[in-house]
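The values are calculated or read from the model by the stated rules, or taken from the named source; none is laboratory data. Nothing here was measured: the structure is a model prediction, and the numbers come from that model. Backbone-built Cβ (ideal geometry, glycine too); neighbour counts: all protein chains shown. The protein model used for the area step is the full one, side chains on, heavy atoms only, and it has no ligands, DNA or RNA in it. Shrake-Rupley method; radii C 1.70, N 1.55, O 1.52, S 1.80 Å.
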Amino acid sequence: MYTQMDNKFKELFTRQKENQYKIGNSTYRDRIKKLEKLKNALELTHKQKIREALYKDFKKPFLETDLTEIYPVLGEIKFAKKNLKSWMKNQTVDTPLALLGASSYIKYEPKGVCLIISPWNFPINLTFGPLVSAIAAGNTVIIKPSEMTPYASGVMAEIVKELFNDNEVALLEGEVEVSQELLKLPFNHIFFTGSPQVGKIVMKAASEHLTSVTLELGGKSPTIIDDSAHLETAVKRIIYGKFTNAGQTCIAPDYVLLKANLKEEFVSLFKSKIAEFYSEDAENSESYSRIVNSKHFERLVSYIQEAKLNNSDIASGGTYNAKDNYIEPTLVFDMPKDSKLMTEEVFGPILPVKTYEHIEETVEYINSKEKPLALYIFSKSKKNVDFIMNNTRAGSGCVNHNLLQFLNHNLPFGGSNNSGIGKAHGFYGFEAFSNRRAMMKQHTLGATDFLLPPYTNFKQKLVDLTLKWF
Ligand code: NAD
């Protein structure tokens, strides 16, 4: 028996399904026009509303919203506008000699009706970013944003409603149940961004209809600092990567592996840079966000309490305030290997550091865990960088910086196994929402026309000869 919600979603899904060929047959210019409308909303008409919404959701500073929510989507749109014409073209490929008389090409066809499920941590970026790719590829789309950032979801719902008919793009707000009901429908593709735990639920549901999936997941992204690194630059960049969005970033450095002899200098630089970025009192800094809700706040506080119980070295920070889910930028040394800080994705402003003596220890430690979404190394030693990159696996990486790989639209973005399946951004995002249809066209008589039954000795000889050409 279907509930009211089921019926509403089924009806919307059916209308998008009926509309999919019209949208799919749209020209390059039609699609660019839609992307321009979205650009206009983000850059002009709704920019201030977006900033205010994110401030209400978790006190995200306006400048950080511009940089990490609006700018990346505008970048995706600009890149798609520049390249979409060539992405949409049939891609000619070689044809083997044995198939003489034929030509071959790949036709990028839209997948059809797609579902985008997005997280709360960069709600605009991680909802509209995939939407740009889905529109560029000619799909109809149903979006379910996170229930944890209701103000951001509200503005996005308003934008989608203003720009699109719902048989083309629709956004459904609501609790987890909305996602659960949507996942019962036979979508042609699901693009999910969130945790590995929920990623498994999504993949299981998708398997019912053999729906293809892109899973953009998370995990513990390691950051190595060896003793050839420029330490001050490393600390400055890691603090930026870790404490932007109050650490609630999928590719933020989750933990640091630090050459043991650098500890004292690292702590001193950490304290001075934190004060420089967020003043002596980060709680009153206008540049520092809050934790998204009390559930995540309590999870993070339990990590700090665990560090205190373990008598771990809390070298900086460690205070918090439940009043508005504030957690001070915190640095913790040498937590036990089985502690929550060293086993679970931190996803907050606490930086655990583990010291090492020999570079081999870092590889051993990283490889004892799931493949991370990103892996960073700060080093001037080519030997160490090559050693780390050749002996570990990760979705992405950056040498002597962090986060930046997300911003280059020429690079595929995504994880590997536990940190994700499939890639996003630029052409890779367009590809995720497209089916590569394999096409051949026979122009003249081909070899196979001479190999039809009845099979004679002459034809056998012809086959023996032809097989050599494959
Ligand atoms: P989440 O997995 O809890 O939720 C993501 C989305 O799934 C939300 O829209 C939520 O409503 C929905 N959802 C939650 N439970 C569900 C269920 N049982 N069935 C169906 N849908 C369900 O993740 P989150 O807390 O919003 O985000 C944090 C996680 O996302 C972290 O692990 C982080 O690393 C990861 N992340 C990854 C990327 C990336 O690009 N790879 C980007 C941002 C965040």
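If I filter segment 421-435 for residues that are more than 21 Å from SER86 (Cα to Cα) and not polar (S, T, N, Q), do I get at least one hit? Taking every residue of segment 421-435 in turn, at least one turns out to be more than 21 Å from SER86 (Cα to Cα) and not polar (S, T, N, Q).
Listed by first and then second residue, the pairs with beta-carbon distance under 8 Å, at least 6 apart or on different chains, first residue in segment 245-259 and open to solvent by 10 Å² or more (accessible area, probe 1.4 Å), second acidic (Asp, Glu), are CYS250/GLU216; LYS259/ASP226; LYS259/ASP227; LYS259/GLU357. In segment 180-200, the residue that is surrounded by the most Cβ atoms within 10 Å (Cβ to Cβ) out of those that are under 17 Å from LYS371 (Cα atoms) and more than 6 Å from the ligand (Cβ to nearest atom) is GLY199. Of all the criteria given as (1) under 25 Å from PHE347 (Cβ atoms); (2) open to solvent by 70 Å² or more (accessible area, probe 1.4 Å); (3) touching a Ser or Thr at 6+ places or on another chain (Cβ under 8 Å); (4) touching a residue at least 24 places away in the same chain (Cβ under 8 Å), the one not satisfied by PHE413 is (2). When segment 135-156 is filtered for residues that are open to solvent by 20 Å² or more (accessible area, probe 1.4 Å) and either more than 12 Å from the ligand (Cβ to nearest atom) or on the phi > 0 side of the Ramachandran plot (or both), the ones remaining, listed by number, are TYR151, GLY154. Among the residues of segment 379-420, those that are farther than 16 Å from ALA80 by Cβ and aromatic (Phe, Trp, Tyr) comprise PHE387, PHE406. At least 2 residues being modelled with pLDDT under 95 is the threshold, and among the helices (runs of 4 or more DSSP H) wholly inside segment 1-105 those reaching it are 4-24.
Restricting GLU177, GLU216, GLU173 to residues that are open to solvent by less than 20 Å² (accessible area, probe 1.4 Å), in contact with a helix residue (DSSP H, G or I) (Cβ under 9 Å, 6 or more places away or on another chain), within 13 Å of the ligand (Cβ to nearest atom) and not hydrophobic (A, V, I, L, M, F, W, C) narrows the list to GLU216. Restricting attention to segment 111-120, does a residue exist that is over 21 Å from the mean Cα position of the chain (by Cα) and among the aromatic types (Phe, Trp, Tyr)? Checking segment 111-120: not a single residue is over 21 Å from the mean Cα position of the chain (by Cα) and among the aromatic types (Phe, Trp, Tyr).
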